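The values are calculated or read from the model by the stated rules, or taken from the named source; none is laboratory data. It should be emphasised that the depicted structure is a prediction, and the values quoted were computed from it without experimental measurement. Here the Cβ positions follow ideal geometry from the backbone for every residue, glycine too, while neighbour counts run over all protein chains shown.
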Amino acid sequence: MLSVSPYLKHFDPTSAQIEGAVWIERRLSQLRGCFADPKAYDTALEHDDPLVYSVSSFEPATNNGDLHIGLGKIMPGRVGSEYFLTRGHLHAWREASEIYIGLSGEGLMLLETEGGEARSIPLTANSIVYVPGHTAHRTVNVGSSPLTYLGVYPAQAGHDYAAIANNNFRQVVIELGGQAVVMNRQAWLESHPAR
């Protein structure tokens with residue numbers, strides 16, 4: 001008979017922690033290069049080094065066919081006019097897809113194929129976003145409360161952060177007139193030449 005304990009975990013959607021799971025925090029100082037406006041980033045960091053997001057990971061097994069789960073929480077906030085976000089990544093095993101399930105808050109998923117097609121999809125409570133293979137993904141909190149979500153992905157997926165760090169995403173999400181607006185990164189940078 002199978003033991004239940006390795007296969008049953010409880011999670012707290014408010015703290016975004018899974019019992020007994022690996023938990024990581026990402027503070028603003030760890031996200032250099034993720035935000036479009038380096039001057040606004042440096043200014044924000046001079047004042048504080050806030051927690052931007054955390055992820056609790058449940059990885060029960062690593063065989064082909066096994067699944068891993070990440071419980072994420074992104075705090076509300078902005079760097080300049082750009083909303084708080086995750087580093088974003090491709091999967092090391094490019095074919096790996098992922099499912100995101102929104103638990104609370106208001107967010108957007110930025111998706112970008114390796115061929116350069118970019119789109120944004122809402123991620124809110126009770127919504128599901130499918131991330132196909134060969135697609136970079138980043139989560140952005142556009143609300144005034146924490147954004148929490150579950151990610152379910154193949155155990156062999158892995159994370160490739162370097163590919164995104166070199167080129168970043170083609171889209172940025174900024175606050176404009178009290179609304180979240182998705183813009184082309186290059187167009188936004190050209191409209192802010194002093195930065």
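Entry remark, region 122-165: residues being farther than 26 Å from P50 by Cβ and without any contact (Cβ under 8 Å) to a residue 24 or more places away in the chain number 0 in total.
Among the residues of region 25-40, which ones are of a type outside the set (S, T, N, Q) and under 18 Å from the mean Cα position of the chain (by Cα)?
Scanning region 25-40 gives E25, R26, R27, L28, L31, R32, G33, C34, F35, A36.
Of all residues in region 166-190, those that are on the phi < 0 side of the Ramachandran plot and touching a residue at least 12 places away in the same chain (Cβ under 8 Å) total 16. Residue-level check: of (1) of a type in the set (A, V, I, L, M, F, W, C); (2) buried (at least 16 other Cβ atoms within 10 Å of the Cβ); (3) more than 26 Å from R94 (Cα to Cα), A187 misses just (2). Residue by residue through region 101-111, note down the ones that are in a strand (DSSP E or B) and closer than 17 Å to Y83 by Cβ. Matches in region 101-111: G102, S104, E106, G107, L108, M109, L110, L111.
Which of the following residues is within 14 Å of the chain's Cα centre (by Cα) and modelled with pLDDT under 95: L90, L110? Testing whether each residue is within 14 Å of the chain's Cα centre (by Cα) and modelled with pLDDT under 95 leaves just L90. The single condition from (1) crowded, with 18+ Cβ neighbours inside 10 Å; (2) closer than 22 Å to I18 by Cα that N63 fails is (1).
How many residues are in a strand (DSSP E or B) and touching a residue at least 60 places away in the same chain (Cβ under 8 Å) when one looks only at region 56-87?
Final tally of qualifying residues: 12.
One residue stands out in region 127-147 among those that are assigned to a loop (DSSP other than H, G, I, E, B) and in contact with a Gly (Cβ under 7 Å, 6 or more places away or on another chain): the one that is farthest from L111 (Cα to Cα), namely S145.
Selection within region 160-175: residues that are farther than 16 Å from L85 by Cβ and surrounded by fewer than 13 Cβ atoms within 10 Å (Cβ to Cβ). The member of this set that is modelled with the lowest pLDDT is N166.
The number of residues in region 1-55 that are part of a strand (DSSP E or B), surrounded by fewer than 17 Cβ atoms within 10 Å (Cβ to Cβ), in contact with a Ser or Thr (Cβ under 6 Å, 6 or more places away or on another chain) and modelled with pLDDT of 95 or more comes to 1.
Within region 88-114, residues that are crowded, with 18+ Cβ neighbours inside 10 Å have Cβ atoms under 9 Å from residues that are outside any strand (DSSP E or B) and charged (D, E, K, R) in these pairs: L90/E114; L110/R170; L111/E117; E112/R170, counting only partners at least 6 apart in sequence or on another chain.
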